[in-house]
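We did not get these values from a lab; they are worked out from the coordinates using the rules stated. Predicted model, so just to flag it, every value in this text is computed and none were measured. Reconstructed Cβ throughout: ideal geometry from the backbone, glycine too, with neighbour counts over all protein chains shown.
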Amino acid sequence: MKLAHLPLRLSIGAYFLNSGLGKRNLEGDAAESMHGMAVAAIPQLAELEPSRFAKLLSYSEIAMGAALIAPFFPAPLAGLGLTAFGAGLVQLYLKTPGLREPGSVRPTQQGAGLAKDIWLVGAGLTLVLEGLTHGRRRH
C-alpha cells in the first residue's frame with residue numbers, strides 16, 4: 001500500500017467494516033425496509049429475501065472494508081470494488097423518489113445522506129486511475 005493511499009484506504013475501510021458489522025444480524029422490519037429501498041432502484045434484487053439481502057450486504061461491506069485496509073490488496077482492485085459499490089449507492093439515490101429536488105440532482109433533506117456517497121465513486125476512481133498510471137514516464 002502506498003503511503004499516500006493510507007488515509008483514504010484506512011478511513012473508508014474502517015467505515016465499511018463498521019457498517020457491515022452493524023448489519024450482520026439485521027432482520028425483520030429493518031431488513032425489509034433496506035431491501036425495499038434497494039429493490040426500488042435495482043428491481044432484480046426482489047428475488048432475494050430481505051434477510052438474505054441484508055446478510056449479503058453485510059458480508060459485502062465487510063469484504064470491501066477488509067480489502068481497503070489490507071496493505072497487500074492492490075489499490076486498483078480495491079478501487080474497482082469501491083467504485084462499483086459507490087455507483088450502486090448513487091443509483092439508489094437517483095432512483096428513489098423524494099431524495100432529490102424535482103427536476104434536479106440536488107438532494108432533498110431526506111436525500112442528503114445518500115447523495116454524499118458520490119465520494120465513494122471519486123475515491124474508488126482515484127485508486128483505479130492512480131494504479132493504471134503508476135510507473136508511467138512522461139515524455
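Overview of results
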| quantity | calculated |
| --- | --- |
| Failed item in (1) over 30 Å from M1 (Cα atoms); (2) within 17 Å of the chain's Cα centre (by Cα), with G98 passing the rest | (2) |
| Residues of the stretch 77-134 classified as of a type in the set (S, T, N, Q) and touching a residue at least 24 places away in the same chain (Cβ under 8 Å), total | 4 |
| Candidates M64, M37 - the one that is of a type outside the set (S, T, N, Q), out of contact with any Pro (no Cβ under 6 Å at 6 or more places or on another chain), farther than 26 Å from L129 by Cα and touching a residue at least 24 places away in the same chain (Cβ under 8 Å) | M37 |
| One residue from G113, G103 being surrounded by fewer than 19 Cβ atoms within 10 Å (Cβ to Cβ) and outside any loop (DSSP other than H, G, I, E, B) | G113 |
| Meets criteria (among the polar types (S, T, N, Q) and crowded, with 16+ Cβ neighbours inside 10 Å) for S11 | no |
| Residues (farther than 27 Å from F53 by Cβ and not in a helix (DSSP H, G or I)) located in the stretch 1-32 | M1, K2 |
| S60 part of a helix (DSSP H, G or I), closer than 23 Å to P97 by Cβ and of a type in the set (G, A, S) | no |
